[in-house]
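Quick notes on the structure that follows.
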Amino acid sequence: MVLQASAFALAFSGAASPDAPASDVSVPLRASAGWQVLGGGLASDAQLREALAGLRALRIRGGYFSGPEITSLAGVRVTPP
């Protein structure tokens, strides 16, 4: 998952295994969960708040496959903690 702000982007990976069957996945919106600044190190709580406050794009990678493939996501929700 990538949170794109105007000046930087934060990435979170490892929420689900690439070969795992479809399942529910939760991504914590806390820096301590392992968010990374793209091109940098670990994100701080302040950077995560800044990214969410100025969010330009939310990108979710739904699958990994070599070759042509059609994938989809269902039931995406953003809920408060």
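Only the coordinates and a few stated rules stand behind these numbers; no lab work does. Because the structure is predicted, anything quoted here is derived from the model rather than measured. When we count neighbours, we look across all protein chains shown, and the Cβ atoms used for this are built from the backbone with ideal geometry, even at glycine.
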Study note, to complete from the structure: Once both label points are put 7 Å beyond Cα along the C-beta direction, the Ser26-Arg77 separation in nm becomes 1.1 nm
Exercise for review: For the range 2-10, just list the computed ³J(HN,Hα) in residue order, Karplus coefficients 6.51, -1.76 and 1.60, θ = phi - 60°, integers in Hz, with x standing in for Gly and Pro.
Suggested key: 10, 9, 9, 9, 5, 9, 7, 9, 10
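I need the calculated FRET efficiency for the pair Ala57 and Ala33, taking r as the beta carbon distance and R₀ as 22 Å, to the nearest 0.05.
On the way: r = 20 Å, r/R0 = 0.90.
FRET efficiency, Ala57 to Ala33: 0.65.
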